[in-house]
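What follows is one structure encoded as structure tokens, with my remarks underneath.
The values are calculated or read from the model by the stated rules, or taken from the named source; none is laboratory data. Everything numeric here is computed off the predicted structure, so don't read it as measured data. Counting neighbours? That spans all protein chains shown, and the Cβs are built from the backbone with ideal geometry, glycine included.
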């Protein structure tokens, strides 16, 4: 508010003649029409800010572009009829600098206030009905998409950027634990990304026997594990 008054005073001092930036009704607009125009245009702008800047997603860095376009569209529709205030400070500053308050000045306070309440109410309404569940996972990256399991939890999974998530391995581990009587009922454990030890242990448990049921022998070469199946006519190599 102080910034609006200061900037209006600077403009008045710099440019000659009367200050022609005050907002007022024009084009035969009634007071009620002006009030609702300001209300709905402000609601549009505030709701755009809530969805693009408050809600975090991959396109958050483009929020200023979307907010600017929303303001531009609002001004196209309302600047001729009400001056396109959408902000009490926009109307109050020039009125203070010019020492003139039109009789309909109150709509530039009530209208944006009602519009902000309308946008906030609608935002909390769609948040209450969980609008993000209409298309779950639409904003996930590859790691989050692999760790996401809508059958247990619809919230966004938190995955470390350097984590390795293998859904098939996680499911195999769950099956192994269930067969051993060690099934976990914790949803956090079910959504936990498989560590290297878990994946390596699962791979060894699946590959420790050959197709015909005979045990395999392992030979360590450097940092690699070589697994071979002994022939029937020779002893296992160690």
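If the condition is being in contact (Cβ under 8 Å) with a residue 60 or more places away in the chain and part of a loop (DSSP other than H, G, I, E, B), then region 1-35 contributes 1, 18, 19, 21, 22, 23, 24, 25. Listed conditions (1) farther than 27 Å from residue 12 by Cα; (2) in contact (Cβ under 8 Å) with a residue 40 or more places away in the chain; (3) surrounded by 16 or more Cβ atoms within 10 Å (Cβ to Cβ) are all met by residue 63, apart from (2). Does residue 102 satisfy being closer than 22 Å to residue 9 by Cα, crowded, with 16+ Cβ neighbours inside 10 Å and at pLDDT below 95? No. Within this structure, residue 122 passes the test of being more than 22 Å from residue 9 (Cα to Cα), touching a residue at least 24 places away in the same chain (Cβ under 8 Å) and assigned to a helix (DSSP H, G or I). One residue alone among 108, 123 is in the same structural domain as residue 43 (by TED's automatic domain parsing) and under 19 Å from residue 20 (Cα atoms), and that residue is 108. Restricting attention to region 74-95, does a residue exist that is out of contact with any strand residue (DSSP E or B) (no Cβ under 9 Å at 6 or more places or on another chain), in the same structural domain as residue 9 (by TED's automatic domain parsing), surrounded by 15 or more Cβ atoms within 10 Å (Cβ to Cβ) and farther than 30 Å from residue 17 by Cα? Checked region 74-95: no residue is out of contact with any strand residue (DSSP E or B) (no Cβ under 9 Å at 6 or more places or on another chain), in the same structural domain as residue 9 (by TED's automatic domain parsing), surrounded by 15 or more Cβ atoms within 10 Å (Cβ to Cβ) and farther than 30 Å from residue 17 by Cα.
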